């Protein structure tokens, strides 16, 4: 029977779960893939941390980088994290030394995936990263294998469980952003420093990886990114009254053979499929030919879902299923131009908190009109503090740059009592 | 560059679509899989049918079975259909002669999959059948690869687009069964003889295949099957009023290490995910560890979706990704016992049309009580014809055999004016 020697570098929550999983499921994995997975080595930064797993002395590597040089290692599982530093050094060296690599590191792949892919292809080893995008949603393998026949025109959906948990809890539990964030941290749904989840960077990395796979292109850094930090409870409530939910969405499309990528909160119809995806779930919707639309939904993160993804990559390598990391050879991948969000059209939601005095509404509507944006709906409500009103504006389709000009211009007015908010509407 | 010679046997709608697809996408498939797919031969029953595809003279095989003997054939795509006759002969002979086989034939795989799998494994060739189950939903590849890490406890969902189209159109367009069936035939959503779609057999075949893959077991013929033929417009309306939708569902579960398979219409909560799957869509929900719940949704049938599935199988073979047809070797697959539906508990919906006379309700409720079934809700409504009432009963959980006894017993009463209906409720 063939054997594959594995080194797991990084034993945090995910690494420990994977280690345990591989020990407990060695037989079934061997039977399914006709090859024995052997965890030969592990390496960690802090050896003294409690892990609840029993590791033999001979399995410990003193220096993680030794895994890349050791003849008894065929596959390195990188679970260090971060686009730079040790993770980068490990993966580059591993591939150069003809070791297969499996990683959950979206930041690394989104930044260095093209370079890494060239080395992997040259050395005929696998570089697999299913776990880097929506762990419990086998979207990468589906794009590379299950949906391989399809010319994909668009991929979009909910790619960040933390943000989605926060937005849906603000809605359902009637709590404000900070209350919900605190609870998310307690439940382990948000990290101690959740900035990459909240500012959209996490979705940005995932989307870059997916659009490369979908459009047979190199990674493209041109992406509009906006997170959920400034979403107010009142936005959630206003959206509700208007028949919408607010979700943090990622979109990658091919428009006139140009890549158009964006991450931002959006108002979507309450009865739409995506509006129903609540909590830490992720959902990915693929539009392609000949398939039409295909949707995959599941848990996005956490040790269990991530291990499921890591094991699917490891199994593929156990079976000897050598593939190009990004579906196509680097020689055939395209360098595509990009489409800028500025020139695209959106219907939009604006929230202004204004001094309740004559002339304000007329001034606001005047700014919209000057910026070629026609108003579909305007709702003015007095706040509890009676001197202040909230003004909600829903626009017809208008150029994104005009919508932003409006926001900027009105922000500066002296009747504005709080930072206004613009949220795009996706129908 | 490696080459793979393909013979397509059967050129109906699907075969013709596949033929065209392979011609138009030869380059990209070659680039992605590092191997050239060449359609060497085709064979059909009726050569004279109009197909709108140009086939060279040298590509025609006079006798389809010659493909299994020809040295210039590596892979046979079987698109004849049916569990017996030429399809069976073709696939058995192909595998015996060490040809890879890709098929969309669920009836054949559900019946002879175990035998065929043994031959394929012995001869180290692939037998792939992604297209046999929900074409646009890459569920088989996901189970075998993307979700390979998971111990699956349940798979369920909507597996038949025709039935789903009929039920959702009855609901949304306020039409009766026969009107909608006629329209489904016009639109090409139902075949001229749609009996396998309507009586549940189609779902039954798909479910047998999926449960083998999920539970690492041999195909199991013990399955409860009931179709949608007797669903009345009034059932749809009653369900609506009670907060439910009616869907034809398939379920396969592992209960105490026994396989429990069933196909039947069910009332499900209106706001559930599955209730929102309308038209010809399919949706498959997988429960497993460690992944939790994962869902895949897409178009179930038609030449485009089926071709997407066939190409994913062909690509896997192009890459030389040899796998066991049912995930595990036949030597390791288990023969599991089965759980009978009779002893399982369901809450249920009953519809009775009765003569509106004294004592009827008392008699009905008496039969329920005698059969150990307690009533949760009872609604009596006079029909337009004032001598007849409709009585709707919603029960608490009760043994399936008791529910059926009630149905049988009340059916025979002389106050019953029309065949009563029992539909299980799935919460």
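Numbers at a glance
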| read-out | value |
| --- | --- |
| Chain B, relative contact order [Cα under 8 Å, separation at least 6], % | 16 percent |
| Protection proxy ranking of A:194-203, B:114-123 - average other beta-carbon atoms within 10 Å, highest first | A:194-203, B:114-123 |
| Cα→Cβ-extended label distance, 7 Å offset, between residue A:240 and residue A:357, nm | 3.3 nm |
| Ordering of A:211-219, B:310-318 by burial proxy (mean other Cβ atoms within 10 Å per residue, highest first) | B:310-318, A:211-219 |
| Three-way shape label, chain B, alpha-carbon gyration tensor, a/c 1.5 | prolate |
| Other copies of residue A:34: label-to-label distances in nm, shortest first, labels 7 Å along the beta-carbon direction | 1.7 |
| Angle in degrees between helix B:177-186 and the longest Cα principal axis of chain B, rounded to the nearest 10 | 20 degrees |
| Inter-copy spacing of residue B:359 label points, which lie 7 Å from Cα along Cα→Cβ, given in nm from shortest upward | 8.8 |
| Extension gain (nm, one decimal) between residue B:176 and residue B:124, 0.36 nm per residue minus Cα-Cα | 13.6 nm |
| Relative contact order (%) - criterion: Cα under 8 Å, at least six apart; region: the range B:2-132 | 23 percent |
| Ascending list, in nanometres, of distances separating the residue A:401 label from those of the other copies (7 Å, Cα toward Cβ) | 7.6 |
| Extension reserve of the residue B:230-residue B:409 stretch, reckoned as 0.36 nm per residue once the Cα distance is removed | 62.6 nm |
| Alpha carbon centroid spacing (whole Å) that separates the range B:95-122 from the range A:358-427 | 65 Å |
| Percent antiparallel among DSSP beta bridges (both partners in the range A:139-299, rounded to 5) | 95 percent |
| Using a Förster distance of 45 Å, the FRET efficiency for residue B:36-residue A:62 (Cβ separation, nearest 0.05) | 0.40 |
| Stokes-Einstein diffusion coefficient of the protein assembly as shown, Kirkwood radius over Cα pairs, 25 °C, 0.890 mPa s, in µm²/s | 84 µm²/s |
| Point-to-point label distance, residue A:186-residue B:96, nm (Cα→Cβ direction, 7 Å offset) | 6.9 nm |
| Angle in degrees between helix A:303-318 and the longest Cα principal axis of chain A, rounded to the nearest 10 | 50 degrees |
| For residues of A:30-39, the mean tally of beta carbons on other chains within 10 Å | 3 |
| R0 of 45 Å, Cβ-Cβ distance residue A:258-residue B:416: FRET efficiency to nearest 0.05 | 0.10 |
| Highest-first arrangement of A:44-54, A:278-288, where packing means the average Cβ count within 10 Å | A:278-288, A:44-54 |
| Cβ neighbours within 10 Å from other chains - mean over B:143-156 | 6 |
| Shielding by partners - mean other protein chain Cβ count within 10 Å, residues of B:314-323 | 4 |
| Acute angle (nearest 10 degrees) that the helix B:360-370 long axis makes with the longest principal axis of chain B, alpha-carbon atoms | 60 degrees |
| Inter-label distance, nm, simple model (7 Å from Cα along the C-beta direction), residue A:89/residue B:89 | 6.8 nm |
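All of the numbers you see were taken from the coordinates with simple rules; none came from a lab. Keep in mind that what you see is a predicted model, and the values were worked out from it rather than measured. Note that each Cβ is placed from the backbone with ideal geometry, even for glycine, and that neighbours are counted across all protein chains shown.
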